[in-house]
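FYI, it's all coordinate maths here, none of it is from the lab. Given the structure is predicted, the values throughout are model-derived calculations rather than measurements. Please note: Cβ atoms are built from the backbone with ideal geometry, for glycine as well, and neighbour counts cover all protein chains shown.
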Amino acid sequence: MLLTRHKNTSHNKAACWLLLPSKLGCAFLLILLTTSPTFASDFSTDPTTRTTHFTDTDPKIALGPNLQYLAAKNNDWTIDDILQARNAMHFRDTGSDVPNLGLSAKSHWFRLKIKYDGTKERISRVFGIEFAQLAEIDFYVLDKAGDYRLVKGGFLRPQNSPEIKSRHFAATLEFNPGETQWIYFKVLSQGPLILPTYLWDPEARFQQQRSQLILYGAYYGIILAMFIYNLFLYLWMRSNSYLFYVLYIGCIGVGLSINDGILKGYLLENNDWVNMRLLYFLACAGIISAMQFCRLMLNAKDDHPTLNNAMLVTMAYGAFTGLLTLVHISIINVILVTILIVAAALTTLITSALRMYEGYRGGGFFCFAWSILCISFLVFTLLNIGLLPFNSFTANVQYIGSALEIILLSFFLADRINTTTLEKLAIEQVAKEELERSLINLNNSHRLKSDFFATVSHELRTPMNGVVGMLDLMSNTKLDKEQATHVDVAIKFARLMMYFVDNLLGFAQKTESNRVILRSFRLRESLDNIRLRFLARCHSQGLTFQYNIADNVPNQLIGDSSRLQGVITHLLDNAIKFTDHGVINLNVSCTANHNDHNKTLVNFFVIDTGKGISKTQLNNIFDPFSDANAQQESPSPSRPDTSSSVQTKNGDTQHKLGIGLSLCKKSADVMEADITIKSQVGKGTEVQFLVPLDIDDKENN
């Protein structure tokens, strides 16, 4: 606010004329009084000017009932123009405690007299207009001496008053006992013209402003808390509807801080752009965000296309109004934003009411919360256009409505999250039950398959034993060379068939049994039997078999020797089957258990120089009856058990059921052992079998 002080020289001129003879003095004095702009309207004796009286004990006086106003024909009228008699007679009473002239872009002049009826020698009072959205205020204080003091304010002017720092217009008045001061002030508004005008005791005003700031702090604290809360909900849920609600809360919080003058009064004092353009731009942005939030939450696009289109049109209108505010500001923007508020309130309210009527989950809660906001902003709009009076309720209805709506909708969103969580839990429970049923069916399938293999194996073993026996007898008879060759081939394939039958029976038995039979055994003797068997087999196929066992490996151990020998046998069998030339290595070592000296970890390494296994084939290497060779155009001799046939370099056919490594894995799991495979195509495969065993100290000693 800007202060200037002016001195009228009318009395000095009049005093000079009084020195002339009485007749000439009277004549000249009459001419002077009729031409002086100050005294042309003798405001000290003007019977139409209303007077407000106050005493020492009055903390607050409402000035509205005694205010008189004049709508200026143009915005350039000055105080001298207003004091002329032809304009003074057109002042009219406001007729209310708080004048509300609605939306106006014209300058309005107001006047009243204030008389101090107290006894204090000197007293101060604060003249306040407690409405922040007044663009320009020129405040004049006149006295009998012809002096007037000018204080300039308004949200379009810098906040640089030396008197009072306030979010509203305020000016200090000084009174002597019995003194009367004439107040004239011009108000130019770019929107609603509301004048809650009061004369305050400074201490009473300070206490009132402090109480108001506490309430505003509570309100903006709620807004900030809800903003952060819903921001976290958005970051957690990653739902666009939550994002638009967060934007809405931010816009309404900053917008109302501009509307009540807090942003200008205490933060951005000298930025008039913030106090006009940003206010209406944020109003448009907040309405667009709120409507988009409603569209998404109420699923208006699918369930109510007509209302959805109406909301889209309203949002487009809001976007146009917001962009227009950035380039042009006038009373037109206020009218456009007022229309937008009414249209948005009606469309969202109707949509939410329909969704509630249709039984939409949370629709009643949503409709109730949104109704509070819509009604509050409709009341706020009617107040601004002059259709409702200004009072404690209508002045604060936007804060009450927005706070309740934001809190209620935050609870609605939290309930929606709980509902979503419960739905997910229900889906997970159904999926879990389906998985359990699938596992039961799978186990039944495996059991049936095992029963089938066991039954078939037992049924096949008897006739196959007969076939092998009869072929052995036939081979001992007199046969010619061709017959002997045919009988040898028949014996070979009959024994291969017996090998398959034994594997099937072993697979069925070991997949059904999870028991470990612990007993003391000599490791080296068990491995010698295996070594001798595979040494002969490697020699017959032109392979080199190497066997090495470390000296620190205990000989007398306690464990399931049957399963142990079965795993090593299958590993060596696979290595020989899929190696055309080179070396088969069986290396045995151990790792001491420092926590328990009676236990040891025995490492078995089976290494071959076959063609190796690709990385993709390693993924299902332990699956029973897998056919990894079907993935290649030509089978790999180094690929472990599959259900296809692989032809060796000698033309012999190696048949595989694909259950060898599956049995190894099953036995390893039962023994709490571990099997790992490393392979490189073209170089060979290394299988490590790591099994924990107990040491039989008595036998070792």
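Other residues with beta-carbon under 13 Å from the beta-carbon of PHE534 carry, at +1 per Lys or Arg and -1 per Asp or Glu, a net charge of +1. Radius of gyration (Cα atoms) of region 97-158, expressed as a multiple of 2.2 N^0.38 Å: 1.37. Of the GluC sites (Glu not before Pro) in region 336-438, the ones in a loop by DSSP (not H, G, I, E or B) with at most 12 other beta carbons within 10 Å are GLU358. Think of each Lys and Arg Cβ as +1 and each Asp and Glu Cβ as -1; about the Cα centre, that makes the dipole of region 86-154 roughly 220 debye. Stokes-Einstein diffusion for region 57-169, with the hydrodynamic radius set to the Kirkwood value over Cα pairs and evaluated at 25 °C in a medium of 0.890 mPa s, equals 154 µm²/s. Legend: ranking of residues TRP236, TRP182, TRP77 from fewest to most surrounding C-beta atoms inside 10 Å; resulting order TRP236, TRP77, TRP182. Pairs with C-alpha atoms separated by more than 19 Å, drawn from the list LYS120/LYS152; LYS106/LYS264; LYS115/LYS152; LYS60/LYS152; LYS115/LYS144; LYS120/LYS186, are LYS120/LYS152; LYS106/LYS264; LYS115/LYS152; LYS60/LYS152; LYS120/LYS186. Globularity index of region 209-427 is 1.03 (Cα radius of gyration / 2.2 N^0.38 Å, N = number of residues). Of all aspartates and glutamates in the structure, those lying under 12 Å Cα to Cα from LYS492, and not within fewer than 8 positions of it along the same chain, are ASP472, ASP652.
Applying the criteria of a DSSP loop state and at most 12 other Cβ atoms within 10 Å to the chymotrypsin sites (Phe, Trp or Tyr not before Pro) of region 283-385 yields no site. For region 210-215, the Karplus equation 6.51 cos²θ - 1.76 cosθ + 1.60, evaluated at θ = phi - 60°, returns couplings of 5, 4, 4, 5, 5, 5 Hz by residue, with Gly and Pro reported as x. With one equal scatterer per alpha carbon and no solvent term, the Debye-computed log10 I(q)/I(0) for region 52-107 at 0.16, 0.20, 0.30 1/Å reads -0.65, -0.88, -1.21.
By its C-alpha gyration tensor, with a ≥ b ≥ c as the square roots of the eigenvalues, how is region 559-604 shaped: rounded for a/c under 1.5, else prolate for a/b larger than b/c, else oblate? Judged from the Cα gyration tensor, region 559-604 comes out oblate (a/c at least 1.5, b/c at or above a/b).
Eigenvalues of the alpha-carbon gyration tensor of region 401-457, scaled by 5 and square-rooted, set the equivalent ellipsoid semi-axes at 54, 4, 4 angstrom, largest first. Spin-label model, LEU496/ASP669: points 7 Å from Cα along the beta carbon direction are separated by 3.1 nm. Between TYR198, ASN333, LEU323, the Cα set farthest toward the positive side of the dipole of region 198-346 (charges on each charged residue's Cβ, about the Cα centre) is that of LEU323. Each label point was placed 7 Å from the Cα along the Cα-to-Cβ direction; for THR544 and GLN680 their separation is 1.9 nm.
Coordinate range of the alpha-carbon atoms in region 370-438 per principal axis, descending: 72, 16, 9 Å. The ranking of GLU136, GLU459, GLU121 by Cβ neighbour count inside 10 Å, starting from the fewest, reads GLU121, GLU459, GLU136. Spin-label pair ARG537-SER589: with each label point 7 Å from Cα along the Cα-Cβ axis, the two points sit 2.6 nm from one another.
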